[in-house]
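Peer 1: Take this structure, written in structure tokens, and hold onto it; I'll ask about it next.
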Amino acid sequence: MLPMLRPRGRTMMLDAPAPALVQVRDLKMYFPIHTGVLRRHTGDVKAVDGVSFDIMAGETLGLVGESGCGKSTVGRALIRLYEPTAGSVRIAGDDILSLAPEALRRKRPEMQMVFQDPQASLNPRMTLAQIIGEPLIEHSGLNPTDRLARIYELMDQTGLNRRFANRYPHEFSGGQRQRIGIARALALNPKFIVCDEPIAALDVSIQAQVVNLLEDLQDRLGLTYLFISHDLSMVRHIADRVAVMYLGRIAELSPRDALYARPLHPYAEALLSAVPEPDPDREGSRQRIILQGDVPSPANPPTGCAFCTRCPKVMEICTTTRPILAEVEPGRQVACHLYPSEARSNQPNSRHAAPSGSTGGGSSQHQQHGV
Amino acid sequence: MTDIKLGEVSKPARNAEPVVKLAPPRSQARDIWDQFKTHKGAMTGLVILCLIILAILIGPFVWQIDPAYVNPDAAKMILGRNKPPTWAHPMGTDQLARDLLARMLYGGRISLAVGAVAMLISVFIGTGIGVLAGYFKRLDGPLMRLTDLFLALPLLPLLLVLMMLFGDTVRKVVGPEAGTFLLIVFAIGVTSWMSSARIVRGQVLALKEREFVLAARSIGTPARRLIIRHILPNVISPVMVAATLGIAGAIITESVLSFLGLGFPPDFPTWGRLLYDGVDYMQLYPSRVILPGLAISLTVLSVNYIGDGLRDALDPRIRGR
């Protein structure tokens, strides 16, 4: 049972289209496979294989997909915790992937990350004050008194009692630990936070608290999130737009309401049909699409569409030609041959077509730019 | 589930209540000492080790018999040999009628110094190489092969060759006693770091993939501070175990070297030397073996317990239980 979620009180900027805060172009992250006695490079695990998307300032982009589809790798490659194989990531104007180490270090405060496992993401030998204070020591140059004041301020912001400052991570509950992780991410006033399944390790009532905290902070501090999750209902709650990933590629990138109301890509359709319906009457009539077979190995993805081995609507062309993520409806990008689009014919352009920042669909307002 | 006012919790207002005087973050040294005090074995070990150190530091000034004094009068010397404990010689005398208590006190200085310094060298090298090999992938292969190389070397012949080759040179430069000391400490140090290097490397490899290390990297912590702040405190337990065992090993190795004539000169007392001298007379005068043996065992045991207590005290998860 989901606890009551607060209605979204997001203030949306309606004025002129700003350039996207985060621009990801054709991001590829291959992990090399070495085999044999000589450890020769025999192949690659294509964890992320050509992913492009934009995130507007103040927006939350949800990134969903099943386990092993490369969601977390995208998040980590985005802030260069991994060295991506190819592609470009621009965050607030700077190409993250080509920054020199020292420049990257100075850029770090703008982009932070909240990790999946709050237990593992906190050093068990540091007190809460030391954990939250670490980014301040590294970047702010505050003296100890001011630093402590800032630590207390962050603890207030994230709902941690000030008396906890001397405690160690093992003395906290999962939700509190995640708050510590969020406080640490906030310490340097970042613009962009990658939330790498921040709620996956928490129980349901705590999930809602943490998600509401994230939303509160977004409203107050104007944060931009990449919210990685496999919890489709939570993504529906928090995200403005949602990208569905399959086998290292984005299958569909659509405004949240439009996606949940009418998924276009067959994989998105199958994935969303798995969301349980709280209403028992409607749950009874829910049509689940059960996919056959297993996810192909990312070391040896199928030629053509990554989904062609399991797609219920597979066509001839799917096994030969890789579909390009292209806009098929205003604000909706789909990588599927079912949806012909003139953009798909001239490929180089289509890949770089600026995704629309529309939050379209049902209740939200319409806003279009770039296309 | 009742309707929880979610979101309320995160409002700052909750913490705005009149702030009771908040203690500033306590120093970790205090926490560690508080926890250390609760470890009975460690406290006993600490007391015993302190007593031993006090005895060997102050003892020779109180018990002013020259440990190397052999009565030049041969008849008196022969009469005074191998005496059981008396008031004049509380631990008896040895085969040359030298006072054993004085020899024990002097010997303790050398043995403890050799043990501690050799252990420090070996732990320092071992941890350094282990951390570098574990953290920097490029260094892993070369450093671990180096470790294998050292493990494959037969230790005793290596030590003997080291002593033969460099012994005279070093002794000439810094004097015979300091030279021997440096040489022994160095030789023991560079031949005993391998196990700790391997243990540390394994731990670092595991730690490196933990999310808190990723988090530190995402903050922009440079590698050296990341190692000091996040990696080293988390590998302290195996290092501590290796270190405490290392002291015992170093004391014994020193006595082996001395026994083989490559350490300190034969009339120079160390605990290991006394032990080996006593072995010949073990059946007639067992106290000749028991006393230095006891001293070595007590030192090693107390150091082990201190290490145990320190390891517990340094781990916040165990602390406060």
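Computed from the coordinates by the stated procedures, all read-outs in this text should not be read as laboratory data. Remember, it's a predicted structure, so these values are computed and weren't measured experimentally. Cβ sites come from the backbone with ideal geometry, for glycine too, and all protein chains shown count toward neighbours.
Peer 1: Hey, what do the phi angles of the stretch A:176-184 turn into as Karplus ³J(HN,Hα) couplings, whole Hz, using 6.51/-1.76/1.60 and θ = phi - 60°, x for Gly and Pro?
Peer 2: Per residue, the Karplus-derived 3J(HN,Hα) values read 5, 4, 5, 4, 4, x, 5, 4, 5 Hz.
Peer 1: Would you work out the relative contact order for chain B, in percent, from Cα pairs under 8 angstrom that are 6 or more residues apart? Could the numbers behind the result be given before it?
Peer 2: Numbers: 372 pairs, mean separation 79.7, N = 321.
Worked out over chain B, it gives 25 percent.
Peer 1: Antiparallel versus total DSSP beta bridges in the protein assembly as shown: what percent is that, nearest 5? Please list the in-between numbers first.
Peer 2: Details: 31 of 48 bridges.
Percentage antiparallel, nearest 5: 65.
Peer 1: With a cap of 11 neighbouring Cβ atoms within 10 Å, and only residues DSSP puts in a loop, list the GluC sites (Glu not before Pro) found in the stretch B:147-212. Write out the running numbers ahead of the final one.
Peer 2: Working: sites: B:GLU177, B:GLU209, B:GLU211; in loops: B:GLU209.
Answer by residue number: B:GLU209.
Peer 1: At a 10 Å Cβ-Cβ cut-off, how would you order A:MET126, B:MET194, fewest neighbours first?
Peer 2: The order, fewest Cβ neighbours first, is A:MET126, B:MET194.
Peer 1: Please list, short to long, the whole-number percent of alpha-carbon pairs of the stretch B:86-172 in consecutive 5 angstrom bins beginning at zero.
Peer 2: 3, 11, 10, 13, 15, 13, 11, 8, 6, 4, 3, 2, 1
Peer 1: Classify the stretch A:47-193 as rounded, prolate or oblate, taking a ≥ b ≥ c as the square roots of the eigenvalues of its Cα gyration tensor: rounded when a/c is under 1.5, otherwise prolate if a/b is larger than b/c and oblate if not. Don't skip to the answer; put the middle values down first.
Peer 2: Values: a/c = 2.18, a/b = 1.53, b/c = 1.42.
It comes out prolate by the Cα gyration axes.
Peer 1: Take the eigenvalues of the Cα gyration tensor for the protein assembly as shown, scale each by 5, and report the square roots as semi-axes in whole Å, largest first.
Peer 2: Values: eigenvalues 916, 170, 81 Å².
Ellipsoid half-lengths, sorted descending, are 68, 29, 20 Å.
Peer 1: Among A:LYS28, A:LYS46, which comes first, second and so on when ranked by fewest other beta-carbon atoms within 10 Å?
Peer 2: A:LYS28, A:LYS46
Peer 1: Here's another thing I want to ask about it. In nm, what is the difference between 0.36 nm times the number of residues separating A:GLU83 and A:SER173 and their Cα-Cα distance?
Peer 2: Result for the pair: 29.1 nm of gain on full extension.
Peer 1: Here is a follow-up. For B:MET77 and B:LYS37, what is the calculated FRET efficiency with R₀ set at 56 Å and r taken between the beta-carbons, to the nearest 0.05?
Peer 2: Working from the Cβ atoms, E equals 0.65.
Peer 1: Here's another thing I want to ask about it. Mean separation of Cα pairs under 8 Å and 6+ residues apart, divided by the residue count of the stretch A:26-145: what relative contact order is that in percent?
Peer 2: Relative contact order, the stretch A:26-145: 20 percent.
Peer 1: Pick from B:ARG288, B:ARG273, B:ARG229: which residue has the top mean-square fluctuation in a GNM of chain B where Cα pairs under 10 Å get a spring?
Peer 2: Of the options given, B:ARG229 has the highest mean-square fluctuation.
Peer 1: Write down, largest first, the equivalent ellipsoid semi-axes of chain A in whole Å, where each equals the square root of 5 times an eigenvalue of the alpha-carbon gyration tensor.
Peer 2: The three semi-axes for chain A are 34, 24, 21 Å.
Peer 1: Give me the number: length gained by fully extending A:ARG106 to A:GLU66, i.e. 0.36 nm times residue separation minus the C-alpha to C-alpha distance, one decimal in nm.
Peer 2: Between A:ARG106 and A:GLU66, full extension yields an extra 11.0 nm.
Peer 1: While we're looking at this one, here's another question. Between their Cα atoms, which of A:LYS46/A:LYS71; A:LYS28/A:LYS71; A:LYS28/A:LYS313 are more than 22 Å away from each other?
Peer 2: The pairs that break the limit, which is 22 Å between Cα atoms, are A:LYS28/A:LYS313.
Peer 1: With each run of n ≥ 4 DSSP H residues scored as -39500 (n - 2.57), what mean residue ellipticity at 222 nm is computed for chain B after dividing by its residue count and rounding to the nearest 500 deg cm²/dmol?
Peer 2: -22500 deg cm²/dmol
Peer 1: With r defined as the distance between the Cβ atoms of B:LEU153 and B:LEU54 and R0 fixed at 30 Å, what FRET efficiency is calculated, to the nearest 0.05? All intermediate terms of the calculation are to be shown ahead of the outcome.
Peer 2: Details: r = 39 Å, r/R0 = 1.29.
The calculated FRET efficiency here is 0.20.
Peer 1: Report, in whole Å, the centroid distance computed from the Cα atoms of the stretch B:268-321 and the stretch B:60-99.
Peer 2: 25 Å
Peer 1: Further question on the same structure: Using Cβ contacts closer than 10 Å as the measure, can you line up B:TRP87, B:TRP271 from fewest to most? Mind showing how you got there, number by number?
Peer 2: Values: B:TRP87 5, B:TRP271 30.
So the residues, fewest neighbours to most, are B:TRP87, B:TRP271.
Peer 1: For chain A, modelled as a GNM with alpha-carbon contacts under 10 angstrom, which of A:ALA47, A:ALA243, A:ALA86 fluctuates the most?
Peer 2: A:ALA86
Peer 1: Rounded to whole Hz and in sequence order, give me ³J(HN,Hα) for the stretch B:278-293 from the Karplus expression 6.51 cos²θ - 1.76 cosθ + 1.60, θ = phi - 60°, writing x for Gly and Pro.
Peer 2: Per-residue couplings from phi come out as x, 4, 4, 9, 4, 6, 7, 10, x, 5, 4, 8, 5, 5, x, x Hz.
Peer 1: Let me ask another. Express the relative contact order of chain A as a whole percentage, based on alpha carbon pairs under 8 Å and six or more residues apart in sequence.
Peer 2: Taking the mean separation of contacting Cα pairs over the length of chain A, I get 18 percent.
Peer 1: What residue among A:ALA251, A:ALA270, A:ALA103 shows peak mean-square fluctuation when chain A is described by a Gaussian network model with Cα springs under 10 Å?
Peer 2: Sorting by GNM fluctuation, first place goes to A:ALA103.
Peer 1: Then there is this: Let me know the charge dipole size of the stretch A:148-227 about its Cα centre in debye, to the nearest 20, where only the beta-carbon of Lys, Arg (+1) and Asp, Glu (-1) is charged.
Peer 2: Working: 9 positive and 9 negative charges, 76 e Å.
That gives the stretch A:148-227 a dipole magnitude of about 360 debye.
Peer 1: So what's the gap between the Cα centers of the stretch B:173-199 and the stretch A:97-118, to the nearest angstrom?
Peer 2: After rounding, the separation between the Cα centres reads 43 Å.
Peer 1: Please find the FRET efficiency linking B:ALA113 to A:GLU153, where r is the Cβ-Cβ separation and R0 is fixed at 41 Å, and quote it to the nearest 0.05.
Peer 2: Working: r = 51 Å, r/R0 = 1.25.
Step by step, r from the Cβ atoms, then E = 0.20.
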